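Structure, as structure tokens:
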Amino acid sequence: IEQNIEPSARVHAWRTSLETFQHDPLLGRGIGMPIANAEFTDPSGNRHLLTDAHNTYLSVLGETGLIGFLTFMSIICFITLSLFRWKPESGSNKTIRLCLLLAMLDAFFYQSLTGSYEDARHLWVLFGIAASANLIHNE
């Protein structure tokens, strides 16, 4: 029996998202626009079309281009570095800082690899919490 190994639907979504980015590298296709074009057949035989990249980085690249991606990454770097530089004095503040760093690690660096979660709304909430906690405790 001859069997072929084929890439998953997610890999096709990533590939077509990169193609979208290559067509509009500077400004992207536009926020909310479909950036992937990956057709696949599920185990039941139904055909589906994935229009989401299933990767936050590729979604941002495809939707907003290099300008939006660099802006997005600048925000990430600024907040992450500010959390690393935050020198909490009390035990509860150390716990808050650690929890925010773990949340950034999980939400941005891990979950973002395999899903874009509808334009990363969870990340924007986390960014706001981390930035405000850092601002409050550094005053």
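The values are calculated or read from the model by the stated rules, or taken from the named source; none is laboratory data. Everything numeric here is computed off the predicted structure, so don't read it as measured data. Note that we place each Cβ from the backbone using ideal geometry, even for glycine, and neighbour counts take in every protein chain shown. Each accessible area value is taken on the protein alone, full model and side chains, heavy atoms only, with ligands, DNA and RNA left out. Shrake-Rupley method; radii C 1.70, N 1.55, O 1.52, S 1.80 Å.
Using amide H atoms built in the peptide plane, which far-off residues or other-chain residues are under 5 Å from L50 H to H?
Those qualifying (amide H under 5 Å, at least 5 residues apart or on another chain) are A38, E39, F40.
Gaussian network model of the chain, Cα springs within a sub-10 Å range: biggest mean-square fluctuation belongs to which of S92, S82, S59?
S92
Taking Cα centroids, how far is the range 1-58 from the range 62-132 in Å?
26 Å
With θ taken as phi - 60° and the coefficients 6.51, -1.76 and 1.60, list the Karplus ³J(HN,Hα) couplings across the range 125-130 in order, rounded to whole Hz; mark glycine and proline as x.
5, 4, 4, x, 5, 5
Hey, in the GNM for the chain with a 10 angstrom Cα cutoff, which one of T95, T20, T114 fluctuates hardest?
So, out of T95, T20, T114, the one fluctuating most is T95.
What residues qualify as long-range amide H neighbours of R29, i.e. H under 5 Å apart, gap of 5 or more or another chain, H built at 1.01 Å from N?
Hits under the 5 Å cutoff: E63, T64, G65.
Angle check, please: helix 91-104 long axis (alpha carbons) against the longest principal axis of the chain (alpha carbons), in degrees 0 to 90, nearest 10.
The answer is roughly 20 degrees.
Taking the Cα centre of the range 7-72 as origin, work out the dipole magnitude from +1 charges on Lys and Arg Cβ and -1 charges on Asp and Glu Cβ, in debye rounded to 20.
On the way: 4 positive and 6 negative charges, 14 e Å.
That gives the range 7-72 a dipole magnitude of about 60 debye.
So what J values fall out for the range 42-52 if you push phi through Karplus, 6.51 cos²θ - 1.76 cosθ + 1.60 with θ = phi - 60°, rounded to Hz, Gly and Pro as x?
With coefficients 6.51, -1.76 and 1.60, one gets 7, x, 7, x, 7, 8, 9, 10, 8, 10, 9 Hz.
Rounding to the nearest 10 and keeping the result within 0 to 90°, find how far the Cα-based axis of helix 9-23 lies from the longest principal axis of the chain.
80 degrees
Dipole of the chain (Lys/Arg Cβ +1, Asp/Glu Cβ -1, origin at the Cα centre): which of L26, A13, T51 lies farthest to the positive side?
So the residue we want is L26.
Quickly estimate the mean residue ellipticity at 222 nm for the chain, helices only: each DSSP H run with n ≥ 4 gives -39500 (n - 2.57), and the total goes over all residues, rounded to 500. Provide the component values of the computation, followed by the final result.
Numbers: 5 runs with 84 residues, N = 139.
Helices in the chain give a 222 nm mean residue ellipticity of -20000 deg cm²/dmol.
If I compute solvent accessible area with a 1.4 Å probe over the protein chains, what percent of it on the chain is carbon and sulfur? Kindly include the intermediate steps, with their values, before the conclusion.
Values: 5600 of 8980 Å².
Ligands and nucleic acids excluded, carbon and sulfur reach 62 percent.
Accessible area per residue of the chain at 1.4 Å probe, in Å²?
Numbers: 8980 Å² over 139 residues.
Computed with neighbouring chains in place, this is 65 Å² per residue.
Out of (i) 188; (ii) 140; (iii) 109, which label holds the value of volume of the Cα convex hull per residue in Å³ that was computed here?
Of the labelled values, this structure produces (ii).
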